[in-house]
Amino acid sequence: MKPHLLTLLVTAALTGATAQMRAQTPIYLDVNQPIEKRVDDALSRMTTEEKVALLHAQSKFSSAGVKRLGIPEVWCSDGPMGIRDEVKWDEWEQAGWTSDSCVAFPSLTCLAATWNPDMAALYGKSIGEEALYRRKTVLLGPGVNICRTPLNGRTFEYMSEDPFLNSKLVVPYVKSVQQNGVAACVKHFALNNFEINRSSANVIVSDRALREIYLPAFHAAVTEGGAWAIMGSYNLYQKQHCCHNKTLLCDILKGEWKFDGVVISDWGGCHSTDEAVHNGLDLEFGTWTGGTTWGRSNSYENYFLARPYLEGIKSGKYTTAELDDKARRVLRLIFRTTMSGQAKWGSLCSDEHYAAARQIAGEGIVLLKNDRSILPIDASKKPKILVVGENAIKMMTIGGGSTSLKVQRELSPLDGLKNRFGADNVTYARGYVGDTVTSFDGIETGQKLADHRSAQELTDEAVQMAKNVDFVIFVGGMNKSGGQDCEGTDRKSLELPYNQNNVVSEILKVNQNLIFVNIAGSPVTMPWLGQVPAVLQAWYIGSEAGNAIADVLAGDVNPSGRLPFSFPAKLEDVGAHAVGEYVNKPSFKVVDVEYKEDILVGYRWLDTKKIKPLFAFGYGLSYTTFSYGKPSIDKTTMTADGSVTVKVDVTNTGKRAGAEVVQLYIADLKSSLPRPVKELKGFKKVQLNPGETKTVEFTIDSSALSFYNDTKKLWEAEPGAFEAIIGASATDIKGKVKFELK
Ligand code: GLC
């Protein structure tokens, strides 16, 4: 046969074979196919055992893929403020890698304090890139539980006391994480507003409070943010654990909200095969089998959705209907993330990520007091500065529970201040000794915090050194150790710990130029507030803490943060403690916790009871000043399907550029059911140059007027008189305009 004919024949055969091959490329592997077709195709190829294996952990933070089909494992990672170090296969302890240090971004209370959705988007993009680079499928965050009590140990991890503010920030965060092909896992769904008894407390709450206060941020994350994963919470609701709760997961999340993602249990939050099968759990993690320690066989097979489920299917106790739905959801997650085919690889510890951390921190720091305009401190005058306090030197990116991080670096407030004001001009005194622990899950900070001097010696040293400096910067607060803003524990009071108040008072006797920098993630009381000219709420702000704090104190950044939750003057001023139930004793059997304050959480309670807070929701100062014009409204009557637009002019009346957060609250002046005095329904952070005026507009429709009618089981806006209230905080009201809903 002539060669060229042979070549032709072979080529034809190969081409045919290739075409045949291409035709046989499985749909599930074809990134150009619609995800649902890929899911169907993959599911059709899987055995029952392979489907069950998708639904539970195989290690501390991973669950199986389908090896045979080349479908990858699902890798989860904490947390909402940075990507956790790799841990051992079956332990919480770090694995000792040398390539898994990360950037610690500010805590989410700080993000909330920016009142800036653009910062939430920047945050999600940055942390999503770090997660992608570390090959994670799911980022276990953000946490959006409402700050019902300031004692909650995880307040620092969450955002605010207001559902509208949480909703407006969680959406851009989720979207920009997921643009990296990493799933956000919004948590903890739902009603996890305390840490004590978190696995045994059965929350009793009205449908109105559930729908108006505790669910909106999750609803927004799912229906607007398109969250691909939700984490069930440890606690119970209607006597059922939230990780397999029919009302929350089946009726509301997957039913009403049409959530098509994966419900992941909190680690150890699953307690029943039956409930997990029927009540909407898709992926079980952290069940307390102690990893491979139980029995000879791999104890992951003991998980509720492992062998017990497989045996139940084989015995006919369970159909494969739920199994296929769960497997679909996990496959959908995989095709949305690791198998999406998108050409992105993320980045880790980049300059951009440090810059983002610093910018978010700088926008979230809240200036609470600035008498005599003592701030900013003019570095050009080379002032002598004494820095006091353990929080000026203690690394804060470690500890606090599952948000603990192994950072590439963390600049302390002391070092940030030395860099900015000159090391020769800055001295340091410990002032007090708090928590000298320097490790978490095997991560060592390398710091030596032990100091055996007595409280009196420490105080005397600080007072002595304070006598001949121009400024004292006291960097105190809490430190994410047990009972001091830490997962698994709640605080015992609002007081600052470790004798700090006494040290402040003693220093004030010799130097009144004291600036208190509060590094904490939840409200504290300040008995010395009247004598201290300046207070900064600096949160836990991550790797760039020292720079961000110095930026604000030196005036390189004009603070524009606003409080995301009220600072109550005393605990009894909080609805949860005035009338609500808050169980502060450990209980291993189920204990009811009734949210009797109902919808009156945070400023809603303070307004209704006419209680003055120490600092109000939405409050924060600037290095400049602002004035407001009279609010106007485009029409005094809104129709049910119409809208109204409220306008207000804001002017920068000071000498330097700054940002103001204009807040819109709505008051329902006559309602058939009790409602809060006012509720946040709009906010805009507006940048203004000196002398500049901008018109801020809010267009609202009836959804901003609605409440959840729990007898009719629907949201409704009742016709009648309303008021649009413009405020610079929940107590600093600048103007009101009335309008009618027809
Ligand atoms: C923890 C936390 C949860 C975290 C998970 C994994 O107990 O409740 O937020 O993501 O377990 O560490």
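In a DSSP loop and with at most 14 other Cβ atoms within 10 Å, the trypsin sites (Lys or Arg not before Pro) in the stretch 491-542 are LYS492, LYS509.
Assuming R0 = 41 Å, what is the FRET efficiency of TRP97 and LYS610, from their Cβ-Cβ distance, to the nearest 0.05? After rounding to 0.05, the efficiency reads 0.15.
Taken over the C-alpha atoms, the stretch 31-336 has Rg and Dmax values of 18.3, 55 angstrom. With respect to the chain, whose longest principal axis is taken over its alpha-carbon atoms, helix 321-336 is tilted by about 70°. Here the convex hull built on the C-alpha positions of the stretch 230-335 has a volume of 104 cubic angstrom per residue.
Expressed per residue, the C-alpha convex hull volume of the stretch 59-164 stands at 133 Å³.
For the pair the stretch 485-547 / the stretch 133-203, the C-alpha centres are spaced 25 Å from each other. Could you compute the FRET efficiency for THR25 and THR711, with r as their C-beta to C-beta distance and R0 at 56 Å, rounded to 0.05? FRET efficiency, THR25 to THR711: 0.50.
Taking a sphere under 12 Å around the Cβ of LYS736 and counting the other residues whose Cβ falls inside, with K and R at +1 and D and E at -1, yields a net charge of +3.
The angle between the Cα long axis of helix 117-133 and the longest principal axis of the Cα atoms of the chain comes to about 50 degrees, rounded to the nearest 10. Applying the criteria of a DSSP loop state and at most 11 other Cβ atoms within 10 Å to the trypsin sites (Lys or Arg not before Pro) of the stretch 703-736 yields LYS712, LYS713. A straight Cα-to-Cα reach below 19 Å connects LYS51 with the lysines LYS37, LYS67, LYS314, LYS317, LYS326, residues fewer than 8 places away in its own chain not being considered.
In percent, what relative contact order does the stretch 461-599 have, based on Cα pairs under 8 Å that are 6 or more apart in sequence?
Once normalised by length, the contact order is 19 percent.
A straight line joining the Cα centroids of the stretch 207-248 and the stretch 698-722 runs 21 Å. Counted by neighbouring Cβ atoms within 10 Å, the residues ASP592, ASP668, ASP90 run from fewest to most as ASP592, ASP90, ASP668. Taking all Cα pairs closer than 8 Å and separated by 6 or more residues, the relative contact order of the chain comes to 14 percent.
Percent of Cα pairs in the stretch 361-565 per distance bin of 5 Å, from zero to the largest separation: 1, 8, 16, 21, 22, 17, 9, 4, 1, 0. So what is the diffusion coefficient of the stretch 317-403 in µm² per second by Stokes-Einstein at 37 °C and 0.692 mPa s, using a Kirkwood Rh over Cα pairs? Rounded, D is 167 µm²/s. Considered as an equivalent ellipsoid built on the Cα gyration tensor, the chain has semi-axes of 45, 32, 27 Å, the largest given first. One equal scatterer on each Cα of the stretch 673-716, no solvent, Debye formula: the resulting log10 I(q)/I(0) at q = 0.23, 0.28 Å⁻¹ is -0.91, -1.10.
Could you tell me which chymotrypsin sites (Phe, Trp or Tyr not before Pro) in the stretch 315-364 are loop residues by DSSP with no more than 15 other beta carbons within 10 angstrom of their beta carbon?
Filter output for the stretch 315-364: TRP345.
Where a number appears in this text, it was derived from the coordinates with a stated rule and is not lab data. All values reported here derive from a predicted model rather than from experimental measurement. Cβ coordinates were reconstructed from backbone atoms using ideal geometry, including for glycine residues, and neighbour counts include every protein chain displayed.
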